1. Take the conditions among the basic types (Lys, Arg), on the phi > 0 side of the Ramachandran plot and at pLDDT below 90 and apply them to Arg371. Does it pass?
2. Looking at this structure, is Glu245 within 18 Å of the chain's Cα centre (by Cα) and surrounded by 20 or more Cβ atoms within 10 Å (Cβ to Cβ)?
3. Scan region 176-190 for residues that are surrounded by 15 or more Cβ atoms within 10 Å (Cβ to Cβ) and free of Cβ contacts under 8 Å to residues at least 60 places away in the same chain and jot them down.
4. Pick out the one residue from Gln8, Gln27 that is surrounded by fewer than 15 Cβ atoms within 10 Å (Cβ to Cβ), touching a Lys or Arg at 6+ places or on another chain (Cβ under 8 Å) and either under 23 Å from Ile168 (Cβ atoms) or without any contact (Cβ under 8 Å) to a residue 60 or more places away in the chain (or both).
5. List every residue pair whose Cβ atoms lie under 9 Å apart, where the two residues are 6 or more positions apart in sequence or sit on different chains, the first residue falls within region 122-150 and is part of a helix (DSSP H, G or I), and the second residue, located anywhere, is of a type in the set (Ser, Thr, Tyr) and modelled with pLDDT under 95.
6. Do we find that Ala40 is loosely packed, with under 13 Cβ neighbours inside 10 Å and under 13 Å from Leu11 (Cα atoms) in this structure?
7. Considering only region 206-216, state which residues are modelled with pLDDT of 90 or more and crowded, with 24+ Cβ neighbours inside 10 Å.
8. Keeping to region 208-249, report how many residues are under 20 Å from Tyr198 (Cβ atoms) and not in a loop (DSSP other than H, G, I, E, B).
Amino acid sequence: MTKVAVSQAVLAWAVQRSGVTSRGLRQRFPKLAAWQRGSAQPTLRQLEDLAKATATPLGFFFLEQPPEDTLPIPHFRTVQERSPHRPSPDLLETVHAMERRQAWMREYLIDQGREALPFVGSARTSDPIVIANHIREVLSLTEDWASEVPTWSEAFRRLIQATEDSGILAVASGIVANNTHRKLDVDEFRGFVLVDPYAPLVFINSADARAAQMFTLAHELAHVWFGSSAAFDLRQMQPAVEPIEQNSNRVAAEFLIPGTALRAFWPRAQTDAEPFQVIARRFKVSVLVAARRALDLALINRSRFFEFYEAYLEDERRHRRTQGGGDFYATQSLRIGRRFARIVSRAVREGTLLYREAYELTGLYGRTFDRFTAGLDQPGTR
């Protein structure tokens, strides 16, 4: 069999960045140590298998030196690390996939004669009340919009729909593409924003606790208004030290629970044994967002918030372990975004987009793509 000469530096880089232990890889590839020393070379088939195991594009193994692993957007992290953070292959691949979707969408909208969205980068103040009110206006939501829906899940779906209706691409997924074996790490990032005047895109890591996803989405909307692309982790729902992160968090909190309304309601809520549950029912938000907002307004202290936060996340983890997989096509509506999927489907029907290109953009192929897109325009489906 034909052997492939692979740079030792590239092999070492691929193994290190993969996050897979060297022992685990060597069990699967017994000659890996010899390849790394240069005393043996892999076959093309072995190299293809190694590329999959390390989540490395095959073409990288033909380089003499490893490429730089850098995100095209800032990555704001709550915990400041002394050494530069290397983004995981999962985060890099996800960001690049969303960039491809955004680039196609931008070109399509411009070709259709669409104008740039006026609210992108429109914030001329850091006042969270002013910006939160403008976001509600653009999304056609009232201050108490969430009181009109009975559950958190429905409120989240409504916010996603309002986001998409405004012209923002909204994606929520907890895995890379449709690979259930490559789960996105919540500790690395909870979401990211790709700002563009025609096709801004927000991505929510749905591997996160459900309540945190709502806050992440609101945080991302603030980034769109500030005109700032970024990835972020929002660990313990705390922003990084950068001013843009601090401001985005304040806007998100004000958007979800207006401060004046909560201050007026707090005397009643704090007399209850579960005050955050009472606030959550009143404002139709998660109890986690309710507790976080109470902290922001100095209605509770930090120790009380973090005690509640840790207990809540443990309950959420237990709940998620008992959940089923859900409906595949309903999940795809979040992973792809209904608005994006509808426009891709329309472009295919119009003949301006090849099926092959549509498959690459959506991650769905053949009959699966056809069945998914067929249900997009049916009332009450997905």
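The values are calculated or read from the model by the stated rules, or taken from the named source; none is laboratory data. What you see is a predicted model, and the numbers here were worked out from it, not measured in a lab. Reconstructed Cβ throughout: ideal geometry from the backbone, glycine too, with neighbour counts over all protein chains shown.
1. Numbers: among the basic types (Lys, Arg): yes; on the phi > 0 side of the Ramachandran plot: no; at pLDDT below 90: yes.
So Arg371 fails the test.
2. On the way: within 18 Å of the chain's Cα centre (by Cα): yes; surrounded by 20 or more Cβ atoms within 10 Å (Cβ to Cβ): yes.
Taking the combined requirement at face value, the residue satisfies it.
3. Val186, Arg190
4. Numbers: Gln27 fails: touching a Lys or Arg at 6+ places or on another chain (Cβ under 8 Å).
Result of the check over Gln8, Gln27: Gln8.
5. Matching pairs, first to second residue: Ile129/Thr260; Ile131/Thr125; Arg136/Thr142; Glu148/Thr142.
6. Numbers: loosely packed, with under 13 Cβ neighbours inside 10 Å: yes; under 13 Å from Leu11 (Cα atoms): yes.
For Ala40, the condition - loosely packed, with under 13 Cβ neighbours inside 10 Å and under 13 Å from Leu11 (Cα atoms) - is met.
7. Matches in region 206-216: Thr216 only.
8. Here is the first cut: in region 208-249, the residues under 20 Å from Tyr198 (Cβ atoms) are 220-230.
From what's left, not in a loop (DSSP other than H, G, I, E, B): 220-226, 230.
Residues flagged as under 20 Å from Tyr198 (Cβ atoms) and not in a loop (DSSP other than H, G, I, E, B) within region 208-249 amount to 8.
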